[in-house]
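Worksheet for the structure shown next.
The values are calculated or read from the model by the stated rules, or taken from the named source; none is laboratory data. From a predicted model like this one, the values you see are computed outputs, not experimental measurements. FYI the Cβ positions are ideal-geometry reconstructions off the backbone, even for glycines, and counts take in every protein chain you see. Side chains are part of the model used for accessible areas, which takes the heavy atoms of the whole protein and leaves out ligands, DNA and RNA. Shrake-Rupley method; radii C 1.70, N 1.55, O 1.52, S 1.80 Å.
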Amino acid sequence: MQIINPATEEIISELQVTSKDELRSVLDSLREGQKAWAQKSIEERLECIIRFGEFIQLNVNELAEILTLETGKPLQQSLNEIKGAQNRVEHLRQNAEKWLAPETLVDSGSTHEKIMYEPLGVIANISAWNFPYNVGYNVFLYALVAGNSVLYKPSEFATLTGKQFEKYLWQAGIPENVFQCVVGDGKLGQQILEADLNGYFFTGSHGTGLHIAKTVAHKLVPVQLELGGKDPLYIMDDVPDVKQAAINAAEGAFYNNGQSCCAVERIYVSEKIHDEFVDAFVTEVKSYKIGDPTSLETFVGPLTRKQQLKVLENQVTDALNKGAILLSGGKEIKGKGYYFEPTVITNCKHEMAVMNEESFGPIIGIQKVSSDSEALRLMSDTEYGLTAAVFSSDEQRALGLLNQLNVGTAYWNCCDRVSPNVPWSGRNNSGLGSTLSTQGIRAFVQPKSYHLRP
Ligand code: NDP
């Protein structure tokens, strides 16, 4: 499998794809390794995770360079991601023992009752390329602490990073037969679906997620899906500082080149401040430094996948054909690398693809609204349900609207944010189940209830 640098289109590495026979023997060894791993105390397992976190921090520069090289993520954002994702390690250090401890519910009378949390066994973690540290950590760290072994399939666009995870997990004391990173594209993913595993934990697109859920349904094992979104942001007329609101909104839309599951994907602005907001927004976007992702000054690098250029171009054409106005960008930047100009489109309408289909790139549609109820109607009209944000100086007014939205995460005066303290979950086409928080660790265990008559 060739690994291509999206900034230069050069082949940076060639890896041997995991064969069917190798997959079978990897799974046999993971099954064996899991038994001994589950026998270790939570404390012992946690020690390995903490050591892993330390190795990652010690090698942060090298790891960030690899991430930038294979995904095109600007170097500063690669560093941010690696450092930021460490909060999962710390959160587990503080909470894992408490979360996984047996619970005694009744310890008097004739029958005592308690719950023990047992690992699922060998789980598959099929992952995405856009934030490999965040989305990988959300799954495999929690699964390992809970006593599972993990078959990790990174995206073909983040395989070098996946291999680094494996190297440092092993160095940190996780046995080789407890964590294995396999190499391959969707064909290998398909073979994993056909193999015998005790749970499937997926991060990626709605299409692939749905396919996975259908394919493994007959096994009756846990399936968890962290999928895409079309996340709305509504700028109310009472924001205290329109310019600052525009700067924050632009960052939510363009950070990581818009390739975040919870990126701001469509913006609704009150008509009372619309023009002022749009002016400030466009000024901010035009100030972004575009180019070589290895430069620490770069804010917008190349897209990770070449095929997304066409998707974005089609969204621009569709919007302009339906009456939108292009205020910035709008096309691929010719030359080496998969660059697309940061694109701002106004005068948008709900029927435009840029307002109702996941863009996953540096493009944003802005639509003027005349009331909170109009904003609510438009924000709600989607098959996705990952996040939604409202900027306003009035908490009650913002929450009044957010409370009515069918989303896993609601933001007031912030956006594009994930925290280990609260569950991360999507609704409808944005997914099934939760990672992070107590619920995120419970995803990797099965309760066993005891009725005991001493
Ligand atoms: P994809 O669905 O294309 O791929 C995700 C993973 O599935 C990859 O490892 C991919 O392999 C693998 N895969 C592909 N085909 C199959 C198959 N038939 N069987 C099993 N596995 C398969 O998503 P992307 O990697 O492009 O990720 C982008 C998407 O992920 C966006 O929609 C984004 O919103 C979403 N996402 C959601 C998050 C959340 O927390 N809700 C977080 C991050 C991203 P390969 O890449 O090698 O083909």
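Among the residues that make up the stretch 189-209, is at least one of them within 24 Å of ALA353 (Cα to Cα) and free of Cβ contacts under 8 Å to residues at least 12 places away in the same chain? Yes: the stretch 189-209 contains one or more residues that are within 24 Å of ALA353 (Cα to Cα) and free of Cβ contacts under 8 Å to residues at least 12 places away in the same chain.
Within the stretch 417-435, restricting attention to residues that are touching a residue at least 60 places away in the same chain (Cβ under 8 Å) and part of a loop (DSSP other than H, G, I, E, B), the residue that is farthest from the ligand (Cβ to nearest atom) is ASN421.
Rundown of residues vs (1) in contact (Cβ under 8 Å) with a residue 24 or more places away in the chain; (2) in a loop (DSSP other than H, G, I, E, B), yes/no style:
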{"residue": "VAL216", "(1), (2)": "no, no"}
{"residue": "GLY228", "(1), (2)": "yes, yes"}
{"residue": "ALA245", "(1), (2)": "yes, no"}
{"residue": "ASN256", "(1), (2)": "yes, no"}
{"residue": "VAL269", "(1), (2)": "yes, no"}
{"residue": "PHE281", "(1), (2)": "yes, no"}
{"residue": "GLU284", "(1), (2)": "yes, no"}
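Within the group GLY365, GLY337, which residue is under 29 Å from GLU226 (Cβ atoms), open to solvent by less than 20 Å² (accessible area, probe 1.4 Å), among the small types (Gly, Ala, Ser) and touching a strand residue (DSSP E or B) at 6+ places or on another chain (Cβ under 6 Å)? Please lay out each step first, then the result.
Working: GLY337 fails: touching a strand residue (DSSP E or B) at 6+ places or on another chain (Cβ under 6 Å).
Selected residue: GLY365, the only one of GLY365, GLY337 that is under 29 Å from GLU226 (Cβ atoms), open to solvent by less than 20 Å² (accessible area, probe 1.4 Å), among the small types (Gly, Ala, Ser) and touching a strand residue (DSSP E or B) at 6+ places or on another chain (Cβ under 6 Å).
Pull out all pairs, ordered by first then second residue, where Cβ-Cβ is under 8 Å, the residues are six or more apart or on different chains, the first lies in the stretch 44-62 and is within 17 Å of PRO175 (Cα to Cα), and the second is open to solvent by less than 50 Å² (accessible area, probe 1.4 Å) and among the polar types (S, T, N, Q). Close Cβ pairs satisfying both conditions: GLY53/GLN86.
Scanning the stretch 403-416 for residues that are in a loop (DSSP other than H, G, I, E, B) and over 12 Å from CYS261 (Cβ atoms) yields a count of 8. Name the residue, out of ARG93, ARG88, that is of a type in the set (Lys, Arg) and surrounded by fewer than 16 Cβ atoms within 10 Å (Cβ to Cβ). Selected residue: ARG93, the only one of ARG93, ARG88 that is of a type in the set (Lys, Arg) and surrounded by fewer than 16 Cβ atoms within 10 Å (Cβ to Cβ). Out of the residues in the stretch 420-450 that are within 23 Å of GLY147 (Cα to Cα) and hydroxyl-bearing (Ser, Thr, Tyr), which is surrounded by the most Cβ atoms within 10 Å (Cβ to Cβ)? Per the stated criteria, the residue is THR435.
Note on the stretch 103-150: residues that are in contact with an Asp or Glu (Cβ under 7 Å, 6 or more places away or on another chain) and open to solvent by less than 10 Å² (accessible area, probe 1.4 Å) total 1.
For LEU327, are the conditions met, namely being farther than 24 Å from GLN244 by Cβ and without any contact (Cβ under 8 Å) to a residue 60 or more places away in the chain? Answer is no for this residue. Scanning for something free of Cβ contacts under 8 Å to residues at least 24 places away in the same chain and in a helix (DSSP H, G or I), does the stretch 135-151 turn up at least one residue? So far as the stretch 135-151 goes, no, none of its residues is free of Cβ contacts under 8 Å to residues at least 24 places away in the same chain and in a helix (DSSP H, G or I).
For the stretch 420-434, the criterion of being more than 30 Å from SER371 (Cα to Cα) and of a type in the set (Val, Ile, Thr) is met by at least one residue.
I'd like the full set of residues that are away from the ligand (no atom under 16 Å from the Cβ) and under 27 Å from GLU383 (Cβ atoms), limited to the stretch 234-270. Give the derivation first.
So in the stretch 234-270, the residues away from the ligand (no atom under 16 Å from the Cβ) come out as 234-251, 267-270.
TYR234, ILE235, MET236, ASN248, ALA249, ALA250, GLU251, ILE267, TYR268, VAL269, SER270 - these are the residues of the stretch 234-270 that are away from the ligand (no atom under 16 Å from the Cβ) and under 27 Å from GLU383 (Cβ atoms).
Scanning the stretch 157-181 for residues that are buried (at least 23 other Cβ atoms within 10 Å of the Cβ), within 14 Å of the ligand (Cβ to nearest atom) and in contact (Cβ under 8 Å) with a residue 40 or more places away in the chain yields a count of 3.
Suppose the filter is more than 15 Å from TYR268 (Cα to Cα) and either open to solvent by less than 30 Å² (accessible area, probe 1.4 Å) or touching a residue at least 24 places away in the same chain (Cβ under 8 Å) (or both); does ASP372 pass it? Spell out how you get there, then give the answer.
Numbers: more than 15 Å from TYR268 (Cα to Cα): no; either open to solvent by less than 30 Å² (accessible area, probe 1.4 Å) or touching a residue at least 24 places away in the same chain (Cβ under 8 Å) (or both): yes.
No; evaluated as a whole, the condition is false for this residue.
Taking the numbered list (1) within 30 Å of GLU332 (Cα to Cα); (2) in a strand (DSSP E or B) in turn, MET355 passes all entries but (2).
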